[in-house]
Amino acid sequence: MFPNEFLWGGATAANQIEGAYDADGKGLSVQDVLPRGIKGPASEGATDDNLKLQAIDFYHRYREDIDLFAEMGFKVFRLSIAWSRIFPRGDEAEPNQAGLEFYDRVIDYLLTKGIEPMVTLSHYETPLHLTREYGGWTNRKLIGFFENYARTLMEHFAGRVRYWLTFNEINSVLHFPILSGIEGTPEEVGTQNLYQAIHHELVASARATKIAHQIDPANKVGCMILAVPRYPLTPRPDDALAALTAAHDDFAFGDVHCRGYYPGYLLRKLRDLGVELNITEDDRTDLQHTVDFVSFSYYMSACESATERTGGEGNLIGGVPNPTLQASEWGWQIDPVGLRIILNEYWDRWQKPLFIVENGLGAKDELVDGTVNDDYRIEYLNDHLVQAGEAIADGVQLLGYTAWGCIDLVSMSTAQMSKRYGFIYVDRNDDGSGSLTRYKKKSFDWYRRVIESNGSVLKR
């Protein structure tokens, strides 16, 4: 079912696991002032009730955690680097050496355990200074700042990191501009500013891809998209068109990354919205530096309607609830077949290797006698991996799979610890209490067997 070279592993983000938010010269990021996640208001500075400030203290416990990943048999570990650990304000000329040294230790330890590091350059962690001083990605100057950051990392980790992702879930900026360092709702930011910021991020991503290939042609660079299959709510043609239009909002980011130019449907949308982008000839040349593979997160599908506009409880990216699907405790509708659909859509559209770099189930786990009997998580992951195998049988080139939140972490959307994803339980609670002791869940041994058997133990 899965190729012999398939890369099994797990994924995390710096702001959700590291803690040590002010250690060794680190600056503040936008995450450090979102104590309630993206659903709550931003604060002026880091606050004591922000779980992300300590998170699960990966900063000091990374060896213990990596040992557990190695015990499961990880072949790859997706981590992000906190931009503000390397450039505390984001606009400095020279990096913070203490920040580089921390990631030296992490990456070197991964390599000693035979685990391939996959590094995300920007995982919702724009330095706060770039937000407050420059207006985030609405400002063209951020392209140069990001280019300096990317070059610094790629030169420093040359030969040790081969897989790079540029912007995490880059299409999410349409819904949550703050994650790209732009304060305000999409309506407050304004359509012109929002799409200019998107353009700047796309150019910056392409420049990082160019730099990676210049430094080492063996480097593999991927874009990263929040993947959501869009289904028409009814057989009505207008609903089918609504589904296509919503899908185009996501496809557009992959189209630019993979094809090197703006697709016609996006140009039409910009005209209809009255948006006139500032695109230079250098920008057009830069965009031609296309990615080597497409990575994506997959958690849910969505229905679209020409008439109904009410989103479901967990539909962070719009759409309406699918009446045929069940949902998680947080209202995220569970659709394993949708993963097979999106894999086929992406492969047919771009003919680029694909990588599932986020997929998992957030749930309220109960620790009993030092473990968690999380059969619900095993069932969820099993069913999604079976569909990934079906997509491979369909002819899709799938490079690997990194389960999201392979160790419990702080939720990005709600800033909770009680929304747990991991194979490893971390003793920390929403009120900040807990010993931070790690415990293996039932899913830990299940995933170890999946990796060991290269997927042959999955139940179809």
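The values are calculated or read from the model by the stated rules, or taken from the named source; none is laboratory data. All values derive from a computational prediction rather than experimental measurement. Cβ sites come from the backbone with ideal geometry, for glycine too, and all protein chains shown count toward neighbours.
State yes or no: is Glu201 modelled with pLDDT under 95, touching a helix residue (DSSP H, G or I) at 6+ places or on another chain (Cβ under 9 Å), in a helix (DSSP H, G or I) and not β-branched (Val, Ile, Thr)? Before the answer, list the steps.
On the way: modelled with pLDDT under 95: no; touching a helix residue (DSSP H, G or I) at 6+ places or on another chain (Cβ under 9 Å): yes; in a helix (DSSP H, G or I): yes; not β-branched (Val, Ile, Thr): yes.
It is false that Glu201 is modelled with pLDDT under 95, touching a helix residue (DSSP H, G or I) at 6+ places or on another chain (Cβ under 9 Å), in a helix (DSSP H, G or I) and not β-branched (Val, Ile, Thr).
I'm trying to understand the selection: among the residues of segment 204-242, which are hydrophobic (A, V, I, L, M, F, W, C) and either modelled with pLDDT under 95 or assigned to a strand (DSSP E or B) (or both)?
Of the residues in segment 204-242, the ones hydrophobic (A, V, I, L, M, F, W, C) are 204, 206, 208, 211-212, 215, 218, 221, 223-228, 233, 240-242.
Within segment 204-242, Val221, Cys223, Met224, Ile225, Leu226, Ala227 qualify.
Can you run down the residue pairs with Cβ atoms below 7 Å, 6 or more apart or on separate chains, where the first is in segment 261-273 and without any contact (Cβ under 8 Å) to a residue 60 or more places away in the chain and surrounded by fewer than 15 Cβ atoms within 10 Å (Cβ to Cβ) and the partner is in a helix (DSSP H, G or I) and among the aliphatic types (A, V, I, L, M)?
Tyr261/Leu287
Among (1) part of a loop (DSSP other than H, G, I, E, B); (2) over 17 Å from Ile107 (Cα atoms), where does Phe74 come up short?
Only one criterion is unmet by Phe74, namely (2).
Give Gly90, Gly114 a once-over and let me know the one that is exposed (fewer than 15 other Cβ atoms within 10 Å of the Cβ), at pLDDT 95 or above, in a loop (DSSP other than H, G, I, E, B) and touching a helix residue (DSSP H, G or I) at 6+ places or on another chain (Cβ under 8 Å). Spell out the reasoning first.
Values: Gly90 fails: exposed (fewer than 15 other Cβ atoms within 10 Å of the Cβ).
That would be Gly114, the only listed residue that is exposed (fewer than 15 other Cβ atoms within 10 Å of the Cβ), at pLDDT 95 or above, in a loop (DSSP other than H, G, I, E, B) and touching a helix residue (DSSP H, G or I) at 6+ places or on another chain (Cβ under 8 Å).
Looking only at segment 117-137, how many residues end up being more than 21 Å from the chain's Cα centre (by Cα) and part of a helix (DSSP H, G or I)?
Just the residues of segment 117-137 that are more than 21 Å from the chain's Cα centre (by Cα), to begin with: 129, 132-135.
With part of a helix (DSSP H, G or I) added as a condition, the list becomes 129, 132-134.
The qualifying residues number 4.
Pairs under 6 Å by beta carbon, first residue in contact (Cβ under 8 Å) with a residue 40 or more places away in the chain in segment 30-45, partner among the basic types (Lys, Arg), six or more apart or different chains?
Gln31/Lys52
Read through the list (1) surrounded by fewer than 17 Cβ atoms within 10 Å (Cβ to Cβ); (2) of a type outside the set (A, V, I, L, M, F, W, C); (3) modelled with pLDDT of 95 or more, then give the number of the only condition that Asn193 fails.
(1)
Those residues that are under 20 Å from Arg259 (Cα atoms) and buried (at least 24 other Cβ atoms within 10 Å of the Cβ), I need them from segment 223-238; list them, please.
Taking segment 223-238 as the starting set, the residues that turn out to be under 20 Å from Arg259 (Cα atoms) are 223-227.
Cys223, Met224, Ile225, Ala227 - these are the residues of segment 223-238 that are under 20 Å from Arg259 (Cα atoms) and buried (at least 24 other Cβ atoms within 10 Å of the Cβ).
With respect to Thr290, is the statement that it is surrounded by fewer than 20 Cβ atoms within 10 Å (Cβ to Cβ), in contact with a helix residue (DSSP H, G or I) (Cβ under 9 Å, 6 or more places away or on another chain) and either of a type in the set (Gly, Ala, Ser) or part of a loop (DSSP other than H, G, I, E, B) (or both) true?
Values: surrounded by fewer than 20 Cβ atoms within 10 Å (Cβ to Cβ): yes; in contact with a helix residue (DSSP H, G or I) (Cβ under 9 Å, 6 or more places away or on another chain): yes; either of a type in the set (Gly, Ala, Ser) or part of a loop (DSSP other than H, G, I, E, B) (or both): yes.
Yes; evaluated as a whole, the condition is true for this residue.
Looking at Thr131, Thr120, Thr138, which one is in contact with a strand residue (DSSP E or B) (Cβ under 7 Å, 6 or more places away or on another chain), closer than 24 Å to Gln196 by Cα and of a type in the set (S, T, N, Q)? Spell out how you get there, then give the answer.
Values: Thr131 fails: in contact with a strand residue (DSSP E or B) (Cβ under 7 Å, 6 or more places away or on another chain); Thr138 fails: in contact with a strand residue (DSSP E or B) (Cβ under 7 Å, 6 or more places away or on another chain).
Of Thr131, Thr120, Thr138, the one residue that is in contact with a strand residue (DSSP E or B) (Cβ under 7 Å, 6 or more places away or on another chain), closer than 24 Å to Gln196 by Cα and of a type in the set (S, T, N, Q) is Thr120.
Filter segment 32-70 down to the residues that are acidic (Asp, Glu) and not in a loop (DSSP other than H, G, I, E, B), then identify the one that is modelled with the lowest pLDDT.
So in segment 32-70, the residues acidic (Asp, Glu) come out as 32, 44, 48-49, 57, 64-65, 67.
When the remaining residues are screened for being not in a loop (DSSP other than H, G, I, E, B), the result is 32, 64-65, 67.
Working: Asp32: 92, Glu64: 98, Asp65: 98, Asp67: 98.
Checked segment 32-70; the qualifying residue modelled with the lowest pLDDT is Asp32.
So, in segment 228-255, exactly how many residues are closer than 23 Å to Val203 by Cβ and in contact with a Phe, Trp or Tyr (Cβ under 7 Å, 6 or more places away or on another chain)?
Quick first cut of segment 228-255, residues closer than 23 Å to Val203 by Cβ only: 248-255.
If we keep only those that are in contact with a Phe, Trp or Tyr (Cβ under 7 Å, 6 or more places away or on another chain) as well, we get 248, 254.
The qualifying residues number 2.
If you go through segment 133-147 one residue at a time, do you hit one that is under 28 Å from Gly400 (Cα atoms) and surrounded by fewer than 21 Cβ atoms within 10 Å (Cβ to Cβ)?
Looking only at segment 133-147, we keep the residues that are under 28 Å from Gly400 (Cα atoms), and these are 146-147.
Checking the rest, the ones that are also surrounded by fewer than 21 Cβ atoms within 10 Å (Cβ to Cβ) come to 147.
Scanning segment 133-147 turns up at least one residue that is under 28 Å from Gly400 (Cα atoms) and surrounded by fewer than 21 Cβ atoms within 10 Å (Cβ to Cβ).
Give me the residue from segment 450-460 that is in a helix (DSSP H, G or I) and aliphatic (A, V, I, L, M) and, out of that set, nearest to Gly9 (Cα to Cα). Talk me through it step by step, then tell me what you get.
Pass one, segment 450-460, residues in a helix (DSSP H, G or I): 450-452.
Imposing the further condition that a residue be aliphatic (A, V, I, L, M) reduces the set to 450-451.
Details: Val450: 11, Ile451: 8 Å.
Taking the candidates together, the pick is Ile451.
So, in segment 163-194, exactly how many residues are of a type outside the set (Gly, Ala, Ser), farther than 15 Å from Asp255 by Cβ and part of a helix (DSSP H, G or I)?
Number satisfying all stated conditions: 12.
Could you list all residues from segment 354-371 that are surrounded by fewer than 24 Cβ atoms within 10 Å (Cβ to Cβ), acidic (Asp, Glu) and either touching a residue at least 60 places away in the same chain (Cβ under 8 Å) or in contact with a Leu (Cβ under 7 Å, 6 or more places away or on another chain) (or both)?
Correct list: Asp365 only.
Could you give me the residue pairs with C-beta distances under 7 Å whose first residue belongs to segment 295-324 and is within 14 Å of Asp250 (Cβ to Cβ), whose second residue is of a type in the set (Phe, Trp, Tyr) and modelled with pLDDT under 95 wherever it lies, and which are 6+ apart or on separate chains?
Hits for this filter: Tyr299/Trp332; Met300/Trp332.
Counting only residues that are closer than 21 Å to Leu194 by Cβ, touching a helix residue (DSSP H, G or I) at 6+ places or on another chain (Cβ under 7 Å) and not hydroxyl-bearing (Ser, Thr, Tyr), how many does segment 141-166 have?
Keep residues of segment 141-166 that are closer than 21 Å to Leu194 by Cβ, which gives 141-146, 166.
Restricting the remaining residues to those that are touching a helix residue (DSSP H, G or I) at 6+ places or on another chain (Cβ under 7 Å) gives 141-143, 145-146, 166.
Next cut, not hydroxyl-bearing (Ser, Thr, Tyr) only: 141-143, 145-146.
Summing the residues that are closer than 21 Å to Leu194 by Cβ, touching a helix residue (DSSP H, G or I) at 6+ places or on another chain (Cβ under 7 Å) and not hydroxyl-bearing (Ser, Thr, Tyr) in segment 141-166 gives 5.
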